[in-house]
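See structure below.
Read the figures in this text as sums done on the coordinates, not as results from a lab. Source: prediction; values computed, not measured. Cβ placement follows ideal geometry from the backbone for every residue including glycine, while neighbour counts extend to all protein chains displayed.
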Amino acid sequence: MKLSLGLAMLLALSLAPSARAASEADYKAAYAAAEAASKEAAGMRNQWTVTVSALAAAKRAADGGDFGRAVAAAREAEALARASIFQAVSEKEAWKAMEIR
Amino acid sequence: MKARIHLLLGSLSAALVAFALAAPRVIAADKVDPVADAKAFQNFFFQKFPNVKHEDFVNGPYSMNEDMKRQWQEKEEFPPYEFALEAGKEMFSTPFKNGKTYADCFPNGGIGIRQNYPYFDSGEGKVITLELALNRCREANGEGPYSYVKDEMASLTAYMAYTSRGKLMDIKIPDDPRALAAYENGKRYFYTRRGQMNFSCASCHVQSPGERIRAETLAPALGILNAMPIYRSEWSGMGTTSRRFVTCNSQTRAVSLEPQSDEYRDVEYFLSYVANGLPISGPGARP
């Protein structure tokens, strides 16, 4: 019992750093990564509206000082942008499968 | 040993024959052949909907659903695009400040020519749509351009379409590699999936015409531009071909392109070409 309690405390302590509140620096890093991916998608003429919305939501949350929400929205924007890039790359050939012949 | 050599030679011959048979198909699949494309495109719809009269495809969802068709025919007695049509007629004949009119910019004074748009301009190396030609006409005569998506542009194109009703779509692809490239680019755009919904134009208008997407009945891609511009109840107003492309994109959660971007011009070229031989029915009315 004592051993499992000790292990649990150790586990809780080891996870503690990742559970800390997001800082402005975290937000800036997450936003920069999302913005770069979003620009890449736009350059491929394949931007998604939801990426733009998530980026805007991240900025709004950061402006309001809620960096936790801002980081989450920025990470979502990056994931969406990366999905749109994947779509654009795969569709370079995949569109042919849909063609009426 | 001899038997093994025979077996090897036999396999090699079989492989060569198989390659020879498959190779022309591979080449044909990658060759741009608009005539074959248009034939295949039209046959696809004719076979999928054997009870729809060929010329009826230009009426979009009404060709897919008898009830909707009857309602639309009744509405056509007092069509919702009538105001735009009247406005377009007046605008068309009103001189610019320099005294010239739209008629001076177009063949046949702009009357009965809708079926020839878009066309490929060999001088410029690009596709010219009717909307683009109208704004260029304005700018050449010292007037400011109109919005490409609605209002005045929709009224002008409504009038020009109306003077061409019943004329058969007649889009030419000149013997110019740039024209073929534009056509191919339009075709690629039409079939390419985009947006978070991962839809292409074809997902709705080839794979699912006649089906419902929420409250709407999807129109077939064949002849879909013959009815443009349209009054759409959903928009509570008129919209141009540009507006249709922009809203289609945003419905798939893709950021739409600029009206009259190369991609939109090219997809208009492709869709109009494969509708060759079908009548102009614009301006139209849609739910």
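Calculated mean residue ellipticity at 222 nm for chain B: -14500 deg cm²/dmol, from DSSP H runs with n ≥ 4 weighted as -39500 (n - 2.57), summed, divided by the residue count and rounded to 500. Between the stretch A:31-101 and the stretch B:102-175, the alpha-carbon centres lie 36 Å apart. Semi-axes of the equivalent ellipsoid for the stretch A:42-101, computed as √(5λ) from the eigenvalues of its C-alpha gyration tensor and ordered from largest down, come to 32, 9, 7 Å. Checking Cβ-Cβ separations below 4.7 Å across the protein assembly as shown identifies B:201, B:204, B:248 as cysteines lacking any candidate disulfide partner.
Remark: the protein assembly as shown carries a charge dipole of roughly 1260 debye about the Cα centre, counting +1 on each Lys and Arg Cβ and -1 on each Asp and Glu Cβ. Can you tell me which aspartates and glutamates have their Cα less than 18 Å from the Cα of residue B:126? Leave out same-chain residues fewer than eight positions away. Candidates past the 8-residue exclusion: B:170, B:175, B:176, B:184, B:258, B:262, B:263, B:266, B:268. Below 13 angstrom from the Cβ of residue B:125, what's the summed charge of the other residues (Lys, Arg +1; Asp, Glu -1)? The answer is -2.
Give me the net charge of residue A:50's neighbourhood, meaning all other residues with Cβ under 10 Å from the Cβ of residue A:50; Lys, Arg count +1, Asp, Glu -1. Here the count lands on 0. Using only alpha carbons, the stretch B:178-287 has a radius of gyration to Kirkwood radius ratio (Rg to Rh) of 0.94. Could you tell me which of B:229, B:182, B:200 has its Cα farthest along the dipole of the protein assembly as shown towards the positive end, charges placed at Cβ (Lys, Arg +1; Asp, Glu -1), taken about the Cα centre? Towards the positive end, the residue furthest out is B:200. Under conditions of 4 °C and 1.567 mPa s, the protein assembly as shown yields 53 µm² s⁻¹ as its translational diffusion coefficient, taking Rh as the Kirkwood radius over Cα pairs in the Stokes-Einstein equation. All C-alpha pair distances within the stretch B:35-287, sorted into 5 Å bins from zero, spread as 1, 6, 13, 19, 20, 18, 12, 6, 3, 1, 0 percent across the bins. Placing unit charges on the Cβ atoms only, positive for Lys and Arg and negative for Asp and Glu, gives chain B a dipole magnitude near 1040 debye about its Cα centre. Straight-distance candidates among the aspartates and glutamates for linking to residue A:28, with alpha-carbon spacing under 20 Å and chain neighbours fewer than 8 residues away dropped: A:40, A:63, A:66, A:76, A:78.
Note on residue B:100: aspartates and glutamates with a C-alpha under 16 Å away, same-chain residues under 8 apart excluded, are B:90, B:139, B:143. Comparing B:111, B:173, B:128 in a Gaussian network model of chain B, where Cα atoms under 10 Å apart are tied by springs, the biggest mean-square fluctuation is seen for B:111. Using a cut-off of 21 Å between Cα atoms, the listed pairs A:96/B:39; B:69/B:172; A:39/A:92 include B:69/B:172 as exceeding that distance.
Ranking B:63, B:32, B:84 by Cα position along the charge dipole of the stretch B:21-176, where only Lys, Arg, Asp and Glu carry charges on their C-beta atoms, puts B:32 farthest toward the positive end.
Among all stretches of chain B without exposed GluC sites (Glu not before Pro) (DSSP loop, at most 16 other Cβ atoms within 10 Å), which one is longest? The reported range is B:1-75.
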